[in-house]
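These notes concern the structure reproduced below.
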Amino acid sequence: MVEIGQDDSIRVQIRPDPFSAFEALECWAGAAAASAVFLGRVRPQTLDGEPLQALELQHYPGLCERQLLQLAREQLQHHGAIRALVVHRVGTLLPGELIVLVAVEADRRGCAQRCCSDLLEALKHQAPFWKREWFSGQGTWLSGNTPL
Amino acid sequence: MIWTLEPHQSVLASVLRVLLFASLRDRAGWEERSIPVSEAGLTAAQVWDQLELGPLESVCVAVNQELVRSDQPLRAGDELAFLPPFTGG
């Protein structure tokens, strides 16, 4: 697992192994009044509706972690939120496994929820991760993100 | 024509390290190559054209692990990466 963060306000983890959202949150949670959390899991079907064997996640080590830190920093500042946690899987994932966890703490629920949502969207479009769906022994790289 | 070096021939002072990811790796059939820098002012877009991997329009460029424009001049020793559209999260 690679974990980086410049200070206590942002924590980024890239993990090659399955993780527990509850354990990750318990280790990270502070005393802010509001927390918002998003959990993303592997679907059981491919985009074409076929049964998914596995989802492969590739990333660009180094740039990926720095980009996540930068995106989290920008979104915290933009929304006036306090802290952010991003945990993202890489490697081979099975249906139902967690792909991503994004959590944000703030003083108010509105900015916590908006910041969490915007950070997730920023991550999906601006962080160098790539998904490949495996079905019947054939791998297909996805060419874009699923709709919001 | 791209000249490539074997690993034992790599000379950091005179080559670029070119990386491909995801679908671009499959399309090219390789992940990483060292490419001699033969001209001053060489850009990522010019290197891409030499690779003959299709249009650059949907591909992001990173130099030394920073996202940059494709017309950024390159220097010997740079790590140049071509990145297909991101699909994480």
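Of all residues in the stretch A:3-37, those satisfying the criterion of being open to solvent by 50 Å² or more (accessible area, probe 1.4 Å), outside any strand (DSSP E or B) and within 12 Å of A:Leu98 (Cβ to Cβ) are A:Asp17, A:Pro18, A:Phe22, A:Glu23. Listed by first and then second residue, the pairs linking a residue in the stretch A:64-90 that is crowded, with 24+ Cβ neighbours inside 10 Å to a residue that is part of a helix (DSSP H, G or I) and among the charged types (D, E, K, R), with Cβ atoms under 6 Å apart and 6 or more places separating them unless they lie on different chains, are A:Gln75/A:Asp118.
Filtering A:Ala122, A:Ala127 for residues that are touching a Leu at 6+ places or on another chain (Cβ under 6 Å) and without any contact (Cβ under 8 Å) to a residue 60 or more places away in the chain leaves a single hit, A:Ala122.
When B:Val37, B:Val61 are checked against the criterion of being hydrophobic (A, V, I, L, M, F, W, C) and within 13 Å of chain A (Cβ to nearest Cβ), B:Val61 stands alone in meeting it. Inside the stretch A:100-145, can you point out the residues that are outside any helix (DSSP H, G or I) and open to solvent by less than 10 Å² (accessible area, probe 1.4 Å)? Passing the criteria: A:Val100, A:Leu101, A:Val102, A:Ala103, A:Val104, A:Glu105, A:Ala106, A:Ala127, A:Pro128, A:Phe129, A:Trp130. Scanning the stretch A:38-53 for residues that are surrounded by 16 or more Cβ atoms within 10 Å (Cβ to Cβ) and farther than 12 Å from A:Ile99 by Cβ turns up A:Thr46, A:Leu52, A:Gln53. Restricting attention to the stretch A:112-137, the residues that are farther than 16 Å from A:Ile10 by Cα and more than 12 Å from chain B (Cβ to nearest Cβ) total 6.
The values are calculated or read from the model by the stated rules, or taken from the named source; none is laboratory data. Bear in mind that the values here come from a model prediction, so they are computed numbers and not experimental data. Methodologically, a virtual Cβ is constructed for each residue, glycine included, from the backbone with ideal geometry; neighbour enumeration extends over all protein chains shown. With ligands, DNA and RNA removed, areas are computed over all heavy atoms of the protein, side chains included. Shrake-Rupley method; radii C 1.70, N 1.55, O 1.52, S 1.80 Å.
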